[in-house]
Ligand SMILES: CC(C)(COP(=O)(O)OP(=O)(O)OC[C@H]1O[C@@H](n2cnc3c(N)ncnc32)[C@H](O)[C@@H]1OP(=O)(O)O)[C@@H](O)C(=O)NCCC(=O)NCCS
């Protein structure tokens with residue numbers, strides 16, 4: 001066996017070969033008219049406030065909505081002045097309950113670094129499932145850390 005960098009002619013032959021296998025089997029990404037739908041840059045953000053506090057206490061956003069497998073990724077952040085008071089917990093409960101009741105999304109997932117104790121504690125407290133670990137995926141100050149993927153499915157979601 002040998003290998004070489006594909007030439008234009010090879011690429012043409014490889015493209016023709018791909019017609020013999022279904023794109024749906026090769027990707028989980030949305031497909032339209034036989035082609036992958038490009039990733040959208042759309043980000044939907046919810047901002048959170050609290051009575052008696054005249055600044056925002058948190059933010060939840062979701063993005064990379066995949067209409068084919070009905071999933072979306074999300075991220076979140078609590079104003080550093082108001083952490084460790086249960087706001088992150090309330091914010092995720094509110095945002096995720098809202099998404100499952102107002103959209104047809106089936107799965108919500110997020111990616112968080114193994115060093116992010118607060119984030120991991122929050123997700124585990126809410127019974128998110130750890131789908132996997134991306135090893136040495138997250139560079140911080142020259143060190144490579146694992147990233148963890150957590151998710152919840154519509155049928156699993158119950159407010160605690
Ligand atoms: C992660 C984050 C949203 C948590 O928000 P929060 O309002 O402090 O969370 P809560 O007060 O609801 O705490 C949730 C749980 O995490 C624990 N926790 C929170 N901060 C912690 C910390 N620094 N170390 C250890 N545990 C922590 C709490 O004790 C609580 O667990 P418990 O109920 O068993 O005691 C907040 O730390 C943050 O905004 N971090 C920066 C942004 C970020 O990392 N986002 C996630 C990227 S995917």
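The table that follows gives values for the structure above.
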read-out: Check on residue 59, under 24 Å from residue 131 (Cβ atoms) and either loosely packed, with under 10 Cβ neighbours inside 10 Å or at pLDDT 95 or above (or both); value: yes
read-out: Tally, over the range 45-73, of residues that are closer than 21 Å to residue 147 by Cβ and within 11 Å of the ligand (Cβ to nearest atom); value: 4
read-out: Pair list, Cβ < 6 Å and 6+ apart or interchain, from the range 117-133 residues that are over 17 Å from residue 96 (Cβ atoms) to residues that are more than 8 Å from the ligand (Cβ to nearest atom) and not in a helix (DSSP H, G or I); value: 132/149; 133/146; 133/148
read-out: Residue list for the range 93-112, restricted to those being more than 8 Å from the ligand (Cβ to nearest atom) and either without any contact (Cβ under 8 Å) to a residue 40 or more places away in the chain or in contact with a helix residue (DSSP H, G or I) (Cβ under 9 Å, 6 or more places away or on another chain) (or both); value: 99, 100, 101, 102, 103, 104, 105, 106, 107, 108
read-out: The listed residue being at pLDDT below 95 and within 26 Å of residue 130 (Cβ to Cβ), out of 39, 68; value: 39
read-out: The lone exception for residue 105 - which of (1) touching a strand residue (DSSP E or B) at 6+ places or on another chain (Cβ under 9 Å); (2) surrounded by fewer than 17 Cβ atoms within 10 Å (Cβ to Cβ); (3) part of a loop (DSSP other than H, G, I, E, B) it fails; value: (2)
read-out: The range 74-92 - residue that is in a loop (DSSP other than H, G, I, E, B) and within 6 Å of the ligand (Cβ to nearest atom) and, of those, surrounded by the most Cβ atoms within 10 Å (Cβ to Cβ); value: 83
read-out: Selection status of residue 68, in a loop (DSSP other than H, G, I, E, B), on the phi < 0 side of the Ramachandran plot, touching a strand residue (DSSP E or B) at 6+ places or on another chain (Cβ under 6 Å) and surrounded by 12 or more Cβ atoms within 10 Å (Cβ to Cβ); value: no
read-out: In the range 120-145, the residues that are surrounded by 14 or more Cβ atoms within 10 Å (Cβ to Cβ) and either over 14 Å from the mean Cα position of the chain (by Cα) or in a loop (DSSP other than H, G, I, E, B) (or both); value: 120, 122, 126, 128, 137, 138, 145
read-out: In the range 19-36, the residues that are modelled with pLDDT under 95, surrounded by 11 or more Cβ atoms within 10 Å (Cβ to Cβ) and in contact with a helix residue (DSSP H, G or I) (Cβ under 9 Å, 6 or more places away or on another chain); value: 26, 36
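The values are calculated or read from the model by the stated rules, or taken from the named source; none is laboratory data. All values reported here derive from a predicted model rather than from experimental measurement. Quick reminder, even Gly has a Cβ in these numbers, built from the backbone with ideal geometry, and neighbours come from all protein chains shown.
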